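Let me begin by presenting the structure, written as structure tokens, before commenting on it.
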Amino acid sequence: MKLIVIGIQGAGKSTQGNLLHEKLGVPYLSTGHIFRQIAKEHTPLGRYIKEVMNAGYLIPDKKTLEIVSEYLHRPEYEKGYILDGFPRTPAQAEAFENGIDKVVYLRVSDKEALWRLAYRSGANGETREDETLAAIKKRIELFHKFTEPVLEFYRKKGVLIEIDGEQSIEEIHKEITQKLQ
Ligand code: AMP
């Protein structure tokens, strides 16, 4: 099963992605996580990615496609995956024709996402370096500009599942699994 989870930052993608991983036994892969790992490397690429991420901007499509395709060719992703954070632009979606079964869109308002993120950083006591308010706002702005057309792309293909992401974690998980059947 090849799934994509889409939503603004704070929509609950990694929570739901991990629950789906447990339920379906398919590996979960987040491009944000991949890029955060690369950003730790003391290399020109690492430093570049760190700078782009901390500003909330997107990594260029060519680089993103190169890195994602390298990962997805690994044997552990042969039978499927749950992909979070990719594709994020129409160019990425068009270049990525990988027999996707379903795309789950977790719909949450900007206001709700900002509340959740403010609570998240306060609640667990650790702030991620790329989670400043300015970077989060930029990411939300870029979501509307570049990722909403990606939703349209998958809607036209008839594979988009839309979920009200403002319900409880359990309700959302239940709705996703029902709609996947
Ligand atoms: P996320 O954890 O998904 O919010 O991603 C954090 C950051 O990683 C983003 O702000 C981008 O800088 C970068 N990133 C993650 N996925 C992508 C993608 N598909 N295309 C471009 N940049 C990405």
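Hey, can you tell me all the residues within region 32-60 that are among the β-branched types (Val, Ile, Thr) and within 8 Å of the ligand (Cβ to nearest atom)? Answer for region 32-60, where residues must be among the β-branched types (Val, Ile, Thr) and within 8 Å of the ligand (Cβ to nearest atom): ILE34, ILE49, VAL52, ILE59.
The lone criterion from (1) at pLDDT 95 or above; (2) more than 14 Å from ILE6 (Cβ to Cβ) left unmet by ARG155 is number (2). Taking region 15-31 as the range and being within 13 Å of the ligand (Cβ to nearest atom) and crowded, with 19+ Cβ neighbours inside 10 Å as the test, the residues that pass are GLY17, TYR28, LEU29, THR31. Contact annotation: residue pairs with Cβ atoms under 7 Å, 6 or more positions apart or on different chains, pairing a residue in region 63-92 that is closer than 20 Å to MET1 by Cα with a partner that is modelled with pLDDT under 95 and assigned to a loop (DSSP other than H, G, I, E, B), are GLY80/MET1; PRO87/PHE96.
Any idea which of ILE4, ILE8 is touching a strand residue (DSSP E or B) at 6+ places or on another chain (Cβ under 7 Å) and under 18 Å from ILE161 (Cα atoms)? Checking each option against the conditions leaves just ILE4.
The values are calculated or read from the model by the stated rules, or taken from the named source; none is laboratory data. In this text the structure is predicted, and so the values were computed from the model without any measurement. As a convention, Cβ positions derive from the backbone with ideal geometry for all residues, glycine included, and neighbour counts pool all protein chains shown.
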